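S.K.: The structure is given below, and queries will be raised subsequently.
The values are calculated or read from the model by the stated rules, or taken from the named source; none is laboratory data. For clarity, every value in this text was computed on a predicted model and none was experimentally measured. Methodologically, a virtual Cβ is constructed for each residue, glycine included, from the backbone with ideal geometry; neighbour enumeration extends over all protein chains shown. Accessible surface areas use protein heavy atoms only, side chains included; no ligands, DNA or RNA. Shrake-Rupley method; radii C 1.70, N 1.55, O 1.52, S 1.80 Å.
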Amino acid sequence: MNDKPVVLVTRKLPDAVEKKLAEQFIPLLNPDDRLYDTGELLQLAENADAILPCHTEKFDADTIANLPARVKAIANFSVGVDHVDLEAARRKQVIVTNTPDVLSDATAEIAMLLMLGAARRASEGEHIMRNQLWKDWSPAFMVGRQITGKRLGILGMGRVGQVVAARARGFDMTIHYHNRQPLNPDHAGDATYHDSVEGLLANVDVLSIHCPASDATRGLLNRERLATMHRDAILVNTSRGGVIDDDALVEALQTGVIAAAGLDVFNGEPDAIHPGYRQLDNVFLLPHIGSATRETRDAMGFRAIDNLVAIFSGREPGDRVA
Ligand code: DGY
């Protein structure tokens, strides 16, 4: 690289990442971690050769069309890229990258936490403890469901799904999955493939969602599909809220169509999520923290930098998605 390219960094990144970025680029940082609106973003981008955003910044077709010609790349600090209109980026010849692989362990941990939290009624337990409501113990008190030995369904057996399967095997769970295509035996191991979403849902006790949000998966977990699940089933989502029809899931949880849910991602996050979830005891809720470990956040940043270095050295970035 000749002159250092300027990179607009939309959110506060880990110190180590900001330091490393500054070795090869001129970063325009956001030390206050303020969420820029689109107007501000476009204005700041006037001085940038690339943008390093998070999923909190939306790059719809209009925003991409209005990006200054100087901006050559959007190097996301995320594996999910549903916040970027990839087709619009291709039209404008803006390179888009993401950060796969490095989040798989952290996200799988949160999926297990959600499974356990939903199964063992962690929200109710926390509420009781924090509000001094614990008055007695009895064999009937706070009885939940056991996940050990149960059937786990993985919807989207990609990188994260495969790590979740590995962790769940430690709980003696049997693994079922649905993908468009079966995995090769090296990746699938002993997991049972279902060639339809419905086939998977009908055959599992716990469902963990790992497919990306796209036009094809929006509202995939709708009323009809939820109705095919077992009444004792638990649904866990660490992917994107868009995969779920919230009205349908809230109703299913209220009426006992399924037993419980553990959710880390939501339509309308952070402040406009379906209000029904907050009213339900049988939901364990977290604020989109699947990748929120120090190790992973550093690794995501380094991966985004690697992509930028490749782009500005005239090489193909490893994680190009558009
Ligand atoms: C991701 O990387 O997609 C996480 O959800 C955080 O954005």
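S.K.: When you go through Val265, Val309, Val283 one by one, which is the residue that is open to solvent by less than 50 Å² (accessible area, probe 1.4 Å) and either small (Gly, Ala, Ser) or within 15 Å of the ligand (Cβ to nearest atom) (or both)?
M.R.: Details: Val309 fails: either small (Gly, Ala, Ser) or within 15 Å of the ligand (Cβ to nearest atom) (or both); Val283 fails: either small (Gly, Ala, Ser) or within 15 Å of the ligand (Cβ to nearest atom) (or both).
On inspection, the qualifying residue turns out to be Val265.
S.K.: Confirm whether Lys4 is in a helix (DSSP H, G or I) and either over 23 Å from Gly158 (Cα atoms) or open to solvent by 30 Å² or more (accessible area, probe 1.4 Å) (or both).
M.R.: no
S.K.: Give the residue, chosen from Leu249, Leu235, that is out of contact with any Asp or Glu (no Cβ under 7 Å at 6 or more places or on another chain), in a helix (DSSP H, G or I) and touching a residue at least 24 places away in the same chain (Cβ under 8 Å).
M.R.: When all the criteria are applied, what remains is Leu249.
Residue-by-condition table, conditions (1) open to solvent by less than 20 Å² (accessible area, probe 1.4 Å); (2) within 16 Å of the ligand (Cβ to nearest atom); (3) assigned by TED's automatic domain parsing to the domain that holds Val143:
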{"site": "Asp205", "(1), (2), (3)": "no, no, yes"}
{"site": "Pro212", "(1), (2), (3)": "no, yes, yes"}
{"site": "Leu226", "(1), (2), (3)": "yes, no, yes"}
{"site": "Met229", "(1), (2), (3)": "yes, no, yes"}
{"site": "Val236", "(1), (2), (3)": "yes, yes, yes"}
{"site": "Ile244", "(1), (2), (3)": "yes, yes, yes"}
{"site": "Gln254", "(1), (2), (3)": "no, no, yes"}
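S.K.: OK, next. Taking Leu41, is it in contact (Cβ under 8 Å) with a residue 24 or more places away in the chain, outside any loop (DSSP other than H, G, I, E, B), open to solvent by less than 10 Å² (accessible area, probe 1.4 Å) and within 16 Å of the ligand (Cβ to nearest atom)?
M.R.: So Leu41 does not fit the description; no.
S.K.: Tally the residues that are farther than 17 Å from Ile110 by Cα and assigned to a loop (DSSP other than H, G, I, E, B), restricting the search to region 149-172.
M.R.: Going through region 149-172, the residues farther than 17 Å from Ile110 by Cα turn out to be 149-151, 172.
Now drop any that are not assigned to a loop (DSSP other than H, G, I, E, B), which leaves 149-150, 172.
Residues that pass the stated criteria total 3.
So that you can scan it fast, the table gives a plain yes or no per residue for (1) near the ligand (Cβ under 10 Å from one of its atoms); (2) of a type in the set (Val, Ile, Thr); (3) in the same structural domain as Gly241 (by TED's automatic domain parsing):
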position	(1), (2), (3)
His55	yes, no, no
Lys58	no, no, no
Ala65	no, no, no
Arg70	no, no, no
Ala73	no, no, no
Phe77	yes, no, no
Asp82	yes, no, no
Glu87	no, no, no
Thr97	no, yes, no
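S.K.: Hey, Val81 hits all of (1) open to solvent by less than 20 Å² (accessible area, probe 1.4 Å); (2) under 13 Å from Ser239 (Cα atoms) but one; which does it fall short on?
M.R.: (1)
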